[in-house]
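The values are calculated or read from the model by the stated rules, or taken from the named source; none is laboratory data. Note that this is a predicted model, so its numbers are computed, not measured. With ideal geometry, Cβ positions are generated from the backbone for all residues, glycine too; neighbour counts draw on all protein chains shown. The accessibility values were calculated without ligands, DNA or RNA, using every heavy atom of the protein model including side chains. Shrake-Rupley method; radii C 1.70, N 1.55, O 1.52, S 1.80 Å.
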Amino acid sequence: MLWLVVLCLGCGQPTAPQPQPKFAPPPQPIAATPKAATPVSRPPLNPCVQVFLSDHKYGENNGCSTRFTVWNDGRPISASGLRCGQKGAVSQVNWTYNGTDDAGDHYTFTRVFPHKEPDATTTTKEIVLNREPVVVFEDDVQRVTIGPSIVDPENDTTE
């Protein structure tokens, strides 16, 4: 009887849904895996990186920065964030390290601007970091870049 059902389905004839046997659990939906959730198969090209948020109001070199290590004891440290800016023009920037492939280190960045303001918008962008800094977001107020860190934060004693 099962052979005939399969044969009929293969012919394109409509059939009524067949009841599931009581001993079999119902099929579970398969969750879609976003591209960003790809497992990390090798260490990052840039194990220590720096994110810099430039505040254009006070010049190209003024703003906030943070360094972080994306790889620790053979495991990725996946997410981090930074909040910076002037009153009414603060950005909340969060990022996730998604893995490394032949193209480089993959990140997903999200920026909320202006943070905690009624007209705030959220922008998400995926970037690939090689050995050169990458501009992630830029407008007339701020620029957010990520690049390899020159100083290893585990050995940095400056405050």
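Can you tell me the FRET efficiency between Arg75 and Asp102 if r is taken as the Cβ-Cβ distance and R0 is 25 Å, rounded to the nearest 0.05? Calculated value: 0.75.
Measuring nothing but protein heavy atoms, the accessible surface of the stretch 48-148 at 1.4 Å probe radius is 46 percent carbon and sulfur. Under the simplified labelling scheme, the Asn61-Thr123 pair shows an inter-label distance of 2.6 nm, with each label point 7 Å from Cα along Cα→Cβ. Comparing Ser65, Val128, Ile146 along the charge dipole axis of the stretch 48-148, the residue lying farthest to the positive side is Ser65, per the Cβ-charge model.
Each Lys or Arg adds one and each Asp or Glu takes one away; over the other residues whose Cβ falls under 14 Å from the Cβ of Val141, this sums to -3.
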